[in-house]
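Undergrad: Take this structure, written in structure tokens, and hold onto it; I'll ask about it next.
The values are calculated or read from the model by the stated rules, or taken from the named source; none is laboratory data. This structure is a prediction, so every number in the text was calculated from the model and none was measured. Note: ideal-geometry Cβ built from the backbone for every residue, glycine included; neighbour counts use all protein chains shown. Ligands, DNA and RNA are excluded from the accessible area calculation, which covers all protein heavy atoms including side chains. Shrake-Rupley method; radii C 1.70, N 1.55, O 1.52, S 1.80 Å.
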Amino acid sequence: MSHVEVHDLTADTVVRMYEKHLDALIRVRAEQRELHDGGMRAQLDDIEAELTYLRLRESTPRTVVEVGSLHGWSTTWILRALRDNGFGRLATFDIVDGARRDVPAGLADGRWTFVRGDVRDTVGAVPGDIDYLFVDAAHTARFARWYLAELFTRLRPGTPVSVHDVFHHARPLPFSEGAVVLKWLADQGITSFTAARAAAADVYERITRTRVRLGIAEPVHRGTANPMIFFRTR
């Protein structure tokens, strides 16, 4: 199967990614289920977590930056993608260190750096060569304006980005992080992709049917909102 161009995510390309990486995804879902059953709290719903893993497999980044990790659920999905790619490192920034306690050592060793503190204070530790940016931290307009100015301006054109908690509703609340990010995207002429039930029900249903067909519909985490957006910078 030909390479999927992840800068142009569509329901069709997502389906092809699921088919291409199915065996690996089955294994990763089982690993994540073991963590979840063992007590790790999940922040990402299954589809957006799987899309994060699949997109990382396709984009093969060497340097991933994660802003916000909490208990480490997204961190472990990212680290498994880097492991399965065979290379790449993750730098995580958060004010709490639950992820540092909960992420399995064997998964973290050699591929993970955790920086505790407000990223606005530790921004000097952010790598300069970001190949993938994942944002799931303070969901305020003020913080969004900060990272758009301080982090997005560091990104090379075409860098994949994920921002969580944008589409819990058909439209983000006024003056929220999501509203600020979507306005920035519109100003930049950048189109985002989402599998959020509230904003893209047809995409959500298409992916759900695909997961049923491929035999991976059993929930790992029972959330179904999938409010994350995916895009590439210009």
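Undergrad: Just to be sure before I move on: is Asp187 open to solvent by 50 Å² or more (accessible area, probe 1.4 Å), over 18 Å from Glu50 (Cβ atoms) and either at pLDDT below 95 or not in a helix (DSSP H, G or I) (or both) in the structure I sent?
TA: No.
Undergrad: What number of residues in segment 135-145 are open to solvent by less than 50 Å² (accessible area, probe 1.4 Å), within 16 Å of Ala179 (Cβ to Cβ) and either under 19 Å from the mean Cα position of the chain (by Cα) or among the charged types (D, E, K, R) (or both)?
TA: Count: 4.
Undergrad: Could you check segment 86-107 and list, in sequence order, the residues that are touching a Pro at 6+ places or on another chain (Cβ under 7 Å) and either modelled with pLDDT under 95 or closer than 18 Å to Val28 by Cβ (or both)?
TA: Start the filter on segment 86-107 by keeping residues that are touching a Pro at 6+ places or on another chain (Cβ under 7 Å), which leaves 88, 91.
Listed by number, the list holds a single entry, Gly88.
Undergrad: Now a separate question. Only one residue in Ala138, Ala144, Ala179 is assigned to a loop (DSSP other than H, G, I, E, B) and under 25 Å from Glu50 (Cα atoms), so which one is that?
TA: After applying the criteria, what remains is Ala138.
Undergrad: Also, quick follow-up: Considering only segment 115-130, I want to know if a residue exists there that is polar (S, T, N, Q), assigned to a loop (DSSP other than H, G, I, E, B) and modelled with pLDDT of 95 or more.
TA: Checked segment 115-130: at least one residue is polar (S, T, N, Q), assigned to a loop (DSSP other than H, G, I, E, B) and modelled with pLDDT of 95 or more.
Undergrad: If you don't mind, there's one more thing I want to ask. Going through Arg206, Arg234, Arg171 one at a time, which residue ends up being closer than 30 Å to Glu31 by Cβ and of a type in the set (Lys, Arg)?
TA: None of the other options fit; the residue is Arg206.
Undergrad: Condition check: crowded, with 22+ Cβ neighbours inside 10 Å and within 13 Å of Arg232 (Cα to Cα). Does Tyr132 satisfy that?
TA: On the way: crowded, with 22+ Cβ neighbours inside 10 Å: yes; within 13 Å of Arg232 (Cα to Cα): yes.
Judged against the criteria, Tyr132 is a match.
Undergrad: Hey, another quick one. When you go through Thr92, Thr52 one by one, which is the residue that is out of contact with any Cys (no Cβ under 8 Å at 6 or more places or on another chain), open to solvent by less than 10 Å² (accessible area, probe 1.4 Å), among the polar types (S, T, N, Q) and part of a helix (DSSP H, G or I)?
TA: None of the other options fit; the residue is Thr52.
Undergrad: Could you tell me how many of the residues in segment 95-114 are open to solvent by 40 Å² or more (accessible area, probe 1.4 Å) and part of a loop (DSSP other than H, G, I, E, B)?
TA: The total comes to 6.
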